[in-house]
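Undergrad: Quick one: the structure is below, questions incoming.
What follows is calculated from the coordinates using simple rules that are stated; it is not laboratory data. Every value quoted in this text rests on a predicted model; they were computed, and no experiment measured them. Please note: Cβ atoms are built from the backbone with ideal geometry, for glycine as well, and neighbour counts cover all protein chains shown.
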Protein chains: 2
Amino acid sequence: MQEIAGAIQEGASAYLNRQYTTIAMVGVVIFALAAWQLSWLAAIGFAIGAILSGAAGYIGMLVSVRANVRTTQAASVSLAAGLSVAFKSGAVTGMLVAGLALLSVAVYYSVLTVHLGFDPSSRDVVDALVALGFGASLISIFARLGGGIFTKGADVGGDLVGKVEAGIPEDDPRNPATIADNVGDNVGDCAGMAADLFETYAVTVVATMVLASIFFVGAGAGDMMVYPLAIGGTCIITSIIGTFFVRLGSSQNIMGALYKGFVASAVLSLVALYFMTDHLLGLDTAFETSTGNFTGMDLYICGIAGLVITGLIIWITEYYTGVNFRPVRSIAKASETGHGTNVIQGLAVSMEATALPALVIVVGIIVTYSLAGLFGIAIAVTTMLALAGMVVALDAFGPVTDNAGGIAEMAELPEDVRNTTDALDAVGNTTKAVTKGYAIGSAGLGALVLFAAYTQDLTFFTASPELYPYFAGVEANFSLSNPYVVVGLFVGGLLPYLFGAMGMMAVGRAGGAIVEEVRRQFREKPGIMQGTEKPDYKAAVDLLTKAAIKEMVVPSLLPVLSPIVLYFIVLQIADKSAAFSALGAMLLGVIVTGLFVALSMTAGGGAWDNAKKYIEDGNHGGKGSDAHKAAVTGDTVGDPYKDTAGPAVNPMIKITNIVALLLLAILAHS
Amino acid sequence: MQEIAGAIQEGASAYLNRQYTTIAMVGVVIFALAAWQLSWLAAIGFAIGAILSGAAGYIGMLVSVRANVRTTQAASVSLAAGLSVAFKSGAVTGMLVAGLALLSVAVYYSVLTVHLGFDPSSRDVVDALVALGFGASLISIFARLGGGIFTKGADVGGDLVGKVEAGIPEDDPRNPATIADNVGDNVGDCAGMAADLFETYAVTVVATMVLASIFFVGAGAGDMMVYPLAIGGTCIITSIIGTFFVRLGSSQNIMGALYKGFVASAVLSLVALYFMTDHLLGLDTAFETSTGNFTGMDLYICGIAGLVITGLIIWITEYYTGVNFRPVRSIAKASETGHGTNVIQGLAVSMEATALPALVIVVGIIVTYSLAGLFGIAIAVTTMLALAGMVVALDAFGPVTDNAGGIAEMAELPEDVRNTTDALDAVGNTTKAVTKGYAIGSAGLGALVLFAAYTQDLTFFTASPELYPYFAGVEANFSLSNPYVVVGLFVGGLLPYLFGAMGMMAVGRAGGAIVEEVRRQFREKPGIMQGTEKPDYKAAVDLLTKAAIKEMVVPSLLPVLSPIVLYFIVLQIADKSAAFSALGAMLLGVIVTGLFVALSMTAGGGAWDNAKKYIEDGNHGGKGSDAHKAAVTGDTVGDPYKDTAGPAVNPMIKITNIVALLLLAILAHS
């Protein structure tokens, strides 16, 4: 077991080191650009966001590659012990992600305002915070995509050649791709996910603070800018308390144990936020903004709305990806008639799964906007994300148990250990899907906040042409009757499609390369299948490392460059007003299609995965049946959907938005 | 051969009779509603649109079920003879679709204005024409979806159980689903497509006329309303002349022969439209509208832009679905590593294929809007669709040759006949994909015209609250900063996803039922596989008829009811202004995601189909290899994509828009 775990640790560290080296090269260029075009403070903000986002991912990986073997060990004692080790390691990562994100924003903000004495609502502070968000997003998209290509390349390739062709079970030590698969779980599902949620958290808090700085210029801005930070701080404490509620009851229901922790955190947050809001803002204090007047109480209710949205999205995701409900069972049933019908049904489920979350977001927008205008929406998303520590804890639990199962299988431990880790793994599948639905749902709302920040920023600059001469005479018109708005919506709308296509193709290529590699090893070392020869695990890991690093760069730069290119092309054709209108519409276009692309991919992938698990549990013919083979195909298709392209759309949406904000800042400087 | 063709004719007629009986029941209800809530003229307009759209589909089917066996006969003489019969039958359908659509609008318009003496720009005329468009759209969505479910249920089910399980070739007479498959080609690809393009044509002309009536109130409206009709008339004549240019050269290049006809029509149109515009409007005459001033020459250039957009979309579609280019070959290559990688690559290609058409549409919007405002966009789409006769001729050629091949196979004609029909069929695949890209591209632009009609109509009503008291005080705000606009975009955006999911699930169910049925027949009649017993073809046809009729109703009503439901829900929560804003944004939301969903589905499906054909031509192992099996899976997944859900999104987008226009008219009456 130690030997296997060591190989996984080594592979994961080697991959992340190379990934971060590559990202660092891009990062240095952007750091220089930020320092040159904006300010040193912005460049430093960018570096803070980038480095801490990378650190969150790295530490997440370090925790999980150490927890996996301990979970296997604990699982050989009892289910409760296995759960305890796996969840605690997830909780460490979760609190770390949320804590680091909150600290990075809070500390830099206080350095800027308290130590350096900048006015909280000054452009220097806003630019520096936005740059921090950009740093976090940029690293996150690389980590999500690179890790996703690595992990799914291994998974797709390994499953195809192992389960389907050679007829050996998942994680069989004879399959040369197994170690790579386990490395992938750590660099994709752990490191990638941690960087992603760090980014989502940091960007949302920053966007809310930027909105506050614009809405409450002057004396009130400080308190309002601190409010999102206070929400984050409060909920980290309640999340930590919540983790103690995760305990396996007498029913041995793992999912129930995890939900106990989540519900405890949510209820505690509900209470704590009430007193915090009253203390910081006063529940009866009235506030005025250009998009609505409200009291502290209204903001508190917006926070509750955020918690309710989180709960509903978790519930809907579980319906669409859990083995006990119609969608997954319909895919399992469709597998009986072959590969084609499995995939058709899975695609249909993935598309259907977008409807309810979209409606929840729509209702959330209406409710929070009626209560407190745009700032109400911002507070709802902030509160939604404030529980990120707890949600990441549930998610990071997944890859740890997945790895633990793999190690048990490879170390040829007794059957009952593998059964324990399998039970934990199945739950991990659901919690992983839930987290992604949550991240994307929050991105949908969060992106609206970013779009609001863009329009408000633009209004701010155009209102003072004497200070910002570039904006003299600009009259952005965001009406849908403006054809440049339609142009922006279409161009923004195509980005998630193009980005998704690139991610899927990269996985297909990486997976195909693994298939060839495994076939080569089986051919050249016939002893592998007899168990007399050891496969060359390292060759597969190296192959994927190179492939993932190479493939992640171009798609990651797509959302960085697109806003800039669109702006300058429309500027050439028409004028500044048209260009700013098209750019704004692009931000919404990327949210509108991105939300649906991402939701459908993550839900569909989870459903395919669990349909396979449902069949493996003995339904529709069980393991080895034709239905099972069809379900494996579906699972393979779902892999890049749910773990590469789908979740990477989340940082992609936000990068597009943040780049637009930075472009405004740079033009204002010029 | 006669016997087989007879069975196909019988099955197709039986299906369409039942389909139209069901649709007629819905139609009678809506006719009564239109007469009650709007006017008799509107109800009659609805009836004209509905009946002629149905007739176009029916006649298209009648022509093709008679042409198929003649094509088989002619193909046994020579390739040129087969091409000639197949194309001529397609041309009859094409000219009929375009001619009927144009005549229905033109005759009803002249009855209203000349015989009944209504002012061309009066609300009575506008309402009646919009109702005509609604009738055409409603029938078309039923026909597309019902026919699509029938044909792809047969195709998916038949392929899965025949090619993959039983290992018999496509169209093998031992497969009980073959006749149903051939019936499906006629009711789906022929009747459904004819109704769809009838609808696209009629709705676009109507929308352009409505825009003209609003922009040019008073004396000039008449001429401007006649202009789109004149474009249609001109291009039907040039299309008919163009058909004579379709001739097989010495190179025996079928696609080349067809393109000769298309290019001839386009060039002739270019010349004819110049003189027609000069004669009707005057190239130097200046016009003024609220969204731009222009001359007759500018409108003519917009028309050229429409022709160029058509050409570019055809070219891009061929790139993504033709066997000679990277996308299809990459799918074929990915098939080597299994079912999963084939599907992943196919999905990736389908997503990538949306980017270039979207950019073409974007450039088209910018160019035509700068030339002549919103009316310029409308004229470009009208001209684009004016070539529908020629495009349908190319498309209707597909199912005829597909059927001809099936008949040759079932009648066990000599190998070389089958080779001739196969060559024709492969070209038919590409032309089918091209037509769908064209229809959806035009729908993307056409829907913008409909959205413009909505906003202009709304402005018209709110400007005269004394005439339309319901609209007193309404101030619609279509700015993206209005949260109700965002709500509308999201709700509109989810419709194509939900609709697509329903269509795919319906095909999955129908296909699964066919698999069970064929397995039952193989089990109960073991003689079928030895060729000593005849399969029960009729059972499969009956099963699909019932399934398709049952499954088409609910999804078809989704776009009819959604705009009404959204309007009244937002009205309850907020006020009329918010409700009209949300409704307008919904129309754009449905276009933004609908365009990408439809483009990806039709291109992806075509690419999967031709990747299979490419392998069958002897690449990557050829027929019977593992790569071929994987490619068959991909083709199966692509079937409902390209022939059910994808093309049905086209009428769906437009129904949503037209229902919104009708809702405005009804509210104005109240």
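Undergrad: To the nearest 10 degrees, how steeply does helix B:254-280 sit against the main Cα axis of chain B, on a 0 to 90 scale?
TA: Tilt relative to chain B: about 10 degrees.
Undergrad: Using the Cα centre of the protein assembly as shown as origin and beta-carbon charges of +1 (Lys, Arg) and -1 (Asp, Glu), tell me which of B:90, A:380, B:275 is placed farthest towards the positive end of the dipole.
TA: The residue sitting most towards the positive pole is B:90.
Undergrad: Roughly how crowded by other chains is peptide B:507-520, in terms of the mean Cβ count from those chains within 10 Å of each of its Cβ atoms?
TA: 4
Undergrad: Could you work out the mean projected area of the convex hull around the alpha carbons of the protein assembly as shown, in square nanometres to one decimal?
TA: Mean projected area for the protein assembly as shown: 47.4 nm², to one decimal.
Undergrad: When B:617, A:127, B:395 are ordered from fewest to most other Cβ atoms inside 10 Å of their Cβ, what list results?
TA: B:617, A:127, B:395
Undergrad: Please sort A:405-416, A:368-379, B:649-660, B:524-535 by packing, taking for each peptide the average over its residues of neighbouring beta carbons within 10 angstrom, highest first.
TA: Ranked from most to least packed, the peptides come out as B:649-660, A:368-379, A:405-416, B:524-535.
Undergrad: How far apart, in nm, are the 7 Å Cα→Cβ label points at residue A:110 and residue B:459?
TA: Computed distance between label sites residue A:110 and residue B:459 equals 5.4 nm.
Undergrad: Kindly express, to the nearest 10 degrees and within the range 0 to 90, the angle between helix B:355-386's C-alpha long axis and the longest C-alpha principal axis of chain B.
TA: Long axis of B:355-386 versus the principal axis of chain B: about 40 degrees.
Undergrad: OK, next. Could you estimate the translational diffusion coefficient of segment B:113-176 from the Stokes-Einstein equation, with Rh from the Kirkwood formula over C-alpha pairs, at 25 °C and 0.890 mPa s, in whole µm²/s?
TA: The Stokes-Einstein estimate is 158 µm²/s.
Undergrad: Further question: Describe numerically, in nm with one decimal, the distance between label points set 7 Å from Cα along Cα→Cβ at residue B:416 and at residue A:40.
TA: Reported label-point gap for residue B:416 and residue A:40 is 8.6 nm.
Undergrad: Just order A:179-192, B:270-283, A:57-70 by mean Cβ neighbour count inside 10 Å, highest at the front, would you?
TA: A:179-192, A:57-70, B:270-283
Undergrad: Once Rh for segment B:151-297 is found with the Kirkwood sum over Cα pairs, what is the Stokes-Einstein diffusion coefficient at 25 °C and 0.890 mPa s, in µm²/s?
TA: 126
Undergrad: Contour minus end-to-end for residue B:669 and residue B:288, with contour as 0.36 nm per residue of separation and end-to-end as the Cα-Cα distance?
TA: In short, 134.2 nm is gained.
Undergrad: Given charges of +1 on the Cβ of Lys and Arg and -1 on the Cβ of Asp and Glu, with all other atoms neutral, how large is the dipole of the protein assembly as shown about its Cα centre, in debye to the nearest 20?
TA: 560
Undergrad: Continuing with the same structure: Could you give the alpha-carbon Rg of segment A:271-398 over 2.2 N^0.38 Å, rounded to two decimals?
TA: Normalised Rg, Cα atoms only: 1.40.
Undergrad: Between residue A:237 and residue A:217, what's the calculated FRET efficiency when r is the beta-carbon distance and R0 is 25 Å? Round to 0.05.
TA: 0.20
Undergrad: How far apart, in nm, are two points set 7 Å out from the Cα along the Cα-to-Cβ line at residue B:77 and at residue B:546?
TA: A separation of 4.4 nm, rounded to one decimal place.
Undergrad: If you average the sequence gap of Cα pairs under 8 Å that are 6 or more apart and divide by the length of segment A:1-669, what percent do you get for the contact order?
TA: 22
Undergrad: Between 0 and 90 degrees, rounded to the nearest ten: what's the tilt of helix A:537-573 against the longest Cα principal axis of chain A?
TA: 30
Undergrad: Okay, moving on. Set Lys and Arg Cβ to +1 and Asp and Glu Cβ to -1, take the dipole of segment A:1-669 about its Cα centre, and tell me which of A:348, A:29, A:364 lies farthest positive.
TA: Farthest towards the positive end: A:348.
Undergrad: Any idea what diffusion coefficient segment B:75-202 gets from Stokes-Einstein, in µm²/s, Kirkwood Rh on alpha carbon pairs, 20 °C, 1.002 mPa s?
TA: Once the numbers are plugged in, D ends up at 123 µm²/s.
Undergrad: Okay, next question. Beyond 12 Å, how much of the Cα-Cα pair distribution for segment A:484-542 remains, as a whole percent?
TA: Above the 12 Å cut-off, segment A:484-542 has 74 percent of its Cα pairs.
Undergrad: If we hang a label 7 Å off Cα along the beta carbon direction at residue A:284, how far is it from the matching labels on the other copies, in nm, shortest first?
TA: Label-point distances to the other copies, shortest first: 7.8 nm.
Undergrad: Want the number for residue B:278 to residue B:370: 0.36 nm per residue separation, take away the alpha-carbon distance, what's left?
TA: Length difference between fully extended and current span is 31.0 nm.
Undergrad: For the pair residue A:561 and residue B:270, what calculated FRET efficiency results from E = 1/(1 + (r/R0)^6), where r is the Cβ-Cβ distance and R0 = 45 Å, to the nearest 0.05?
TA: 0.75
Undergrad: Just need the Rg to Rh number for segment B:222-318, please, alpha carbons only, Kirkwood Rh.
TA: Result for segment B:222-318 is an Rg/Rh of 1.08.
Undergrad: Report, in whole Å, the centroid distance computed from the Cα atoms of segment B:612-670 and segment B:483-535.
TA: Using only Cα atoms, the two centres lie 13 Å from each other.
Undergrad: If amide H atoms are built 1.01 Å from N in the plane of the peptide, which residues on other chains or at least 5 residues away come under 5 Å of the amide H of residue B:289?
TA: Those lying under 5 Å, H to H, from residue B:289 are B:294.
Undergrad: I've got another one for you. Quick one: net charge of residue B:261's neighbours, Cβ under 15 Å, K/R +1, D/E -1?
TA: Charge balance near residue B:261 sits at +2.
Undergrad: Follow-up. What is the packing order of peptides A:603-610, A:500-507, taking the mean over residues of other C-beta atoms within 10 Å and listing the highest first?
TA: A:603-610, A:500-507
Undergrad: Rounded to the nearest 0.05, what FRET efficiency is calculated for residue A:24 and residue B:359 with R0 set to 30 Å and r the Cβ-Cβ distance?
TA: With a Förster radius of 30 Å, E is 0.35.
Undergrad: What ³J(HN,Hα) values, in whole Hz, does the Karplus curve 6.51 cos²θ - 1.76 cosθ + 1.60 give for segment A:486-498 when θ = phi - 60°, with x put for Gly and Pro?
TA: Result, rounded to whole Hz: 4, 4, x, 4, 5, 5, x, x, 7, 4, x, 5, 5.
Undergrad: Shielding by partners for B:495-501, please: the mean number of other protein chain Cβ atoms within 10 Å of each residue's Cβ.
TA: The mean count of partner-chain Cβ atoms within 10 Å per residue comes to 5.
Undergrad: Could you give the distance between the Cα centres of segment B:406-447 and segment B:362-393, to the whole Å?
TA: When both Cα centres are located, 26 Å separates them.
Undergrad: Grab the other residues whose beta carbon is less than 10 angstrom from that of residue B:502, score K and R as +1, D and E as -1, and report the net.
TA: -2
Undergrad: Pairwise over distinct Cα atoms, reciprocal of the mean inverse distance: report the Kirkwood radius of segment B:1-669 in Å, one decimal place.
TA: One over the average 1/r among Cα pairs gives 24.8 Å for segment B:1-669.
Undergrad: Please give the calculated 222 nm ellipticity per residue for the protein assembly as shown, where each DSSP H segment of at least 4 residues contributes -39500 (n - 2.57) and the sum is spread over every residue; nearest 500 deg cm²/dmol?
TA: One gets -28500 deg cm²/dmol as the mean residue ellipticity at 222 nm.
Undergrad: Provide the per-residue ³J(HN,Hα) series for segment B:113-126, in order, calculated from phi with Karplus coefficients 6.51, -1.76, 1.60 and θ = phi - 60°, each as a whole number of Hz, with x at glycine and proline positions.
TA: 8, 7, 7, 8, x, 6, 5, x, 9, 6, 4, 4, 5, 4
Undergrad: Hey, could you grab the Kirkwood Rh for segment A:4-126? Inverse mean 1/r over distinct alpha carbon pairs, Å, one decimal.
TA: Result for segment A:4-126 stands at 17.0 Å.
Undergrad: May I ask for log10 I(q)/I(0) of segment A:185-257 at q = 0.16, 0.22 Å⁻¹, from a Debye sum over the Cα atoms as equal point scatterers with solvent left out?
TA: Here the Debye-derived log intensity ratios amount to -0.79, -0.99.
Undergrad: With θ set to phi - 60°, apply the Karplus curve 6.51 cos²θ - 1.76 cosθ + 1.60 along segment B:442-455 and write out the HN-Hα couplings as whole Hz, x wherever there is a Gly or Pro.
TA: Per-residue couplings from phi come out as 5, 5, x, 6, x, 5, 5, 5, 5, 4, 4, 4, 4, 5 Hz.
Undergrad: I've got another one for you. Too long at a 30 Å Cα-Cα cut-off: which of B:432/B:654; A:152/B:654; A:546/B:333; A:436/B:613; A:436/A:525; B:163/B:538?
TA: A:152/B:654; A:436/B:613; A:436/A:525
Undergrad: Over 17 Å, how big is the tail of the calculated P(r) for segment A:607-670, in percent of all Cα pairs?
TA: 58
Undergrad: Further question: Could you tell me how far the Cα centroid of segment A:184-246 sits from the Cα centroid of segment B:230-292, in Å?
TA: 60
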